[in-house]
1. Tell me, yes or no, whether the range 255-274 has at least one residue that is more than 30 Å from residue 158 (Cβ to Cβ) and under 21 Å from the mean Cα position of the chain (by Cα).
2. Strands (runs of 3 or more DSSP E) wholly in the range 1-83 with at least 2 residues that are farther than 21 Å from residue 506 by Cα, touching a strand residue (DSSP E or B) at 6+ places or on another chain (Cβ under 7 Å) and in contact (Cβ under 8 Å) with a residue 24 or more places away in the chain - which ones?
3. Enumerate the pairs (first residue in the range 541-559 and under 14 Å from residue 616 (Cα atoms); second residue anywhere and assigned to a helix (DSSP H, G or I) and modelled with pLDDT of 95 or more) with beta-carbon separation below 6 Å, excluding pairs fewer than 6 apart on the same chain, so at least 6 apart or on different chains.
4. Give the residues of the range 330-351 that are in contact with a helix residue (DSSP H, G or I) (Cβ under 7 Å, 6 or more places away or on another chain) and in a helix (DSSP H, G or I), sorted by residue number.
5. Considering the range 405-442 alone, what residues qualify as being more than 21 Å from the chain's Cα centre (by Cα) and assigned to a strand (DSSP E or B)?
6. Report whether or not residue 69 is surrounded by fewer than 21 Cβ atoms within 10 Å (Cβ to Cβ) and modelled with pLDDT of 95 or more.
7. Looking at the range 350-370, which of the residues that are crowded, with 16+ Cβ neighbours inside 10 Å and more than 19 Å from residue 269 (Cβ to Cβ) is modelled with the lowest pLDDT?
């Protein structure tokens, strides 16, 4: 295309500023990300999504800035694009928009050794596996290992608050992103270690926690200062069988609350254990011969294979009941890595805690098999669509004390619409994430109903509606309710940075009526080892109150809690929940170990506005 069509903006000035591709094939490739709803619409309704009018490929910050100025002056929406591997519709195409593909921002700097860790400057368009390969040659790694590592970018990790499979030891990517360079229609600014207090674009505020998780709505992230670690010299992996998830949860909690730092803690529920064959030890199947026989029949009988999903997924409650009733056994994977002495000591203690909690040792093979195949699961669901169904995943998170209700509530909600299985990963001292996988009959209406019910169930159980997949279109209303108090603040920040509203319009929080949160309840949760405490209370009164109950702050502070909200180690956290009063309006932020339901401003509100904070606590030595 060399000239604009009637009614379309003239893009010829932009062609002089940046590589611009207007071919239909390139535009179609940027019509949608990997949101399963879009895949389902393509399979069922033959709807490929909406193509943008063009795709821009900037090669540096200056070209990004030129694109933003051009679009802002003409009020042309601009949709940031990494690798298109998002699963919530955040990068969906618009007919009136330009897609800004950032994959040419692929520089990887040298690692700077800081002693206990290193840092490296990375372009936002670098694919995850390319980064790991480059770092490995220098003896380093991020150890951010999402299953999408082959098809997701560093910039996408940052703006979606991604979590890798080793987050229990190394943290989520928000813990690794020490600084961001961000370009907006009104200028550029840095965050975190790159923050410049004199920068007018950010209003003199460090917007680090606001940009992380913002999905391109507060600017285009072009570079990330990333924390890296030395490649581990030793690794230990093992599998265990439990007769119930409750017993396994207790063992997992014991490991984390013993201040061990496992690189992997993954529990597969009974359904996932059977359906995915997680009970395999050597060549012996643990109670899933019936499933193997069914698979063999489907594989060798074309007529059955063609209609394999039609009846079962039309009768989801029956199917869930049959599968759930076969066996309650679950499989847990536990792993440690690091220096040899550390791994030897940690694995010995962790192994003992799991056995004491009722785990049955399955040896090293289940853990090693998972490690060797840990990135494959994301590429195995497409046959379900060709068989007349859909498949999706939902990741939620809660404190340990709320985990049973979260699991039961979301599983029941999804179980009305399809087969449901789950695994528990991204385990923290105070709580855990649940990763549900569900498959249903190929209907957009069924898909939408399943998600509506599941998101409501997660919120009702006190869980976050997202742990690491972000928000996009899929969760925007649910995330807006979870972060209702800060949504107006987010929109105000956006209006100042992007006055013409071109940055990924419609993201992240739509206007909606949400009731004001209830006042905080000051208490101690001994299962999750957290306490909700007055934020402005003196250290003397607060510490005496805790000591009388047999507890102490995990991260001691000499003054009121609200006056010390600094970051701690990447595998730990300082603030899990917050209640504040900003300009006469109460804000309540759900107490959870981690969330990706948008930005996480728990630590960055005005110090004097905090009413209460939920923080980690530890039992006083010798106390029950």
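The values are calculated or read from the model by the stated rules, or taken from the named source; none is laboratory data. Since the model is a prediction, treat every value here as computed from it, not as a measurement. All Cβ positions, even for glycine, are placed from backbone atoms using ideal geometry, and neighbour counts span all protein chains on display.
1. Among the residues of the range 255-274, at least one is more than 30 Å from residue 158 (Cβ to Cβ) and under 21 Å from the mean Cα position of the chain (by Cα), which makes the answer yes.
2. Per the criteria, 19-21.
3. Once the first residue is under 14 Å from residue 616 (Cα atoms) and sits in the range 541-559, its partners that are assigned to a helix (DSSP H, G or I) and modelled with pLDDT of 95 or more give 552/546.
4. If the condition is that a residue be in contact with a helix residue (DSSP H, G or I) (Cβ under 7 Å, 6 or more places away or on another chain) and in a helix (DSSP H, G or I), then 350 is the only one that fits.
5. The answer is 418, 419, 440, 441.
6. Yes.
7. The first filter runs over the range 350-370 and keeps only residues crowded, with 16+ Cβ neighbours inside 10 Å, leaving 350-351, 353-354, 357-359, 362, 366-370.
Then drop every residue that is not more than 19 Å from residue 269 (Cβ to Cβ), which leaves 350-351, 353, 368.
Numbers: 350: 98, 351: 98, 353: 98, 368: 94.
This residue is 368.
Let's see how each residue does on (1) closer than 30 Å to residue 10 by Cβ; (2) in the same structural domain as residue 225 (by TED's automatic domain parsing); (3) in contact with a helix residue (DSSP H, G or I) (Cβ under 6 Å, 6 or more places away or on another chain):
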{"site": "71", "(1), (2), (3)": "yes, no, no"}
{"site": "76", "(1), (2), (3)": "yes, no, no"}
{"site": "79", "(1), (2), (3)": "yes, no, no"}
{"site": "85", "(1), (2), (3)": "no, no, no"}
{"site": "91", "(1), (2), (3)": "yes, no, no"}
{"site": "119", "(1), (2), (3)": "no, yes, no"}
{"site": "125", "(1), (2), (3)": "yes, yes, no"}
